[in-house]
1. Would you rank Phe33, Phe106 by solvent-accessible area, highest first, keeping every protein chain in place and using a 1.4 Å probe?
2. As I understand it, the value is the acute angle between the Cα axis of helix 199-212 and the longest principal axis of the Cα atoms of the chain; what does it come to in degrees, rounded to 10?
3. By average Cβ neighbour count within 10 Å, what is the ranking of 110-119, 62-71 from highest down?
4. Roughly how many Å is it from the Cα centre of the stretch 135-207 to that of the stretch 1-35, as a whole number?
5. So what's the back-of-envelope 222 nm ellipticity for the chain, counting only DSSP H runs of four-plus at -39500 (n - 2.57) apiece and dividing by all residues, rounded to 500?
6. Compute and list, largest first, the equivalent-ellipsoid semi-axes of the chain from the alpha carbon gyration tensor, each √(5λ) rounded to a whole angstrom.
7. Running a GNM on the chain with Cα contacts under 10 Å, which residue among Ser105, Ser155, Ser176 ends up with the highest mean-square fluctuation?
8. With r defined as the distance between the Cβ atoms of Ile16 and Asn134 and R0 fixed at 35 Å, what FRET efficiency is calculated, to the nearest 0.05?
Amino acid sequence: MPMPLCLLRILPSRRIPNRVWLIFSGSFKLPFFIDDVVILSLKSGQEVDSELLEKIKEASLYYLLYNYSLNQIAISPKISRILIPKIKQKLYFYQKKYSLDGEYSFLADKIISKLSDSGLLSESLYADFLLKKNHHRSRYYLTRLFSYYNLDLPSDYQFQDQESIRNILIKKKSLSTILLESAEKNKLIASLARKGFAYNDIKTVIDELLKKG
């Protein structure tokens, strides 16, 4: 029968507020939320049986993953579809880093639920983020993108397909020559069409540029 672990020390983190390190026998240590030390009545020198160890492992992983999720939301708005795979990937990373065996995938749903209840996951904010990030994309691309994330495109959004096409074309070298050569012009139209731009918009911009010479 394996010997029970002993919680040797509880050390405050030097870098992260509200974090402590649980130092166990056998060179085993875990980052831990300081409030959970009180909740679980942890003390230096106490023996840790399998039941308590399970609670400690779960609390440590939840603490790490919740803070990771907050950091991800601080970087840019998130919705559950984006965040859940990130949480599960980070869970795998933490389990390997701290040698924590067991099944803890349920923590992803638990964290998502808390973030949602706190109003930290916002479809409208994520929609705005997608539009700002992809404002140069075609109507077709944006429609497919929003459909993928099960989001509704704002009804008042002003698509800028012709402006985007114009910006793509004016950056091309020898554009005037390309537009005057039928084969090259058709290749250019096909390239723009593959990006999701409508033929009518492509033709309108090309005709406009040809008139300007």
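1. On the way: Phe33 60, Phe106 90 Å².
Listed by decreasing accessible area, they come as Phe106, Phe33.
2. Rounded to the nearest ten degrees, it is 60.
3. Values: 110-119: 13.9, 62-71: 17.6.
Highest to lowest by the protection proxy: 62-71, 110-119.
4. Centre-to-centre distance over Cα atoms comes out at 57 Å.
5. Values: 10 runs with 126 residues, N = 213.
Calculated mean residue ellipticity at 222 nm is -18500 deg cm²/dmol.
6. On the way: eigenvalues 642, 57, 39 Å².
Value: 57, 17, 14 Å, ordered largest first.
7. Greatest mean-square fluctuation among the candidates belongs to Ser155.
8. Numbers: r = 35 Å, r/R0 = 1.00.
So, using R0 = 35 Å, E works out to roughly 0.50.
The values are calculated or read from the model by the stated rules, or taken from the named source; none is laboratory data. Predicted model only: the values in this text are computed from it and were never measured. With ideal geometry, Cβ positions are generated from the backbone for all residues, glycine too; neighbour counts draw on all protein chains shown. To get the accessible areas, we keep the full protein, side chains included, count just its heavy atoms, and leave off ligands, DNA and RNA. Shrake-Rupley method; radii C 1.70, N 1.55, O 1.52, S 1.80 Å.
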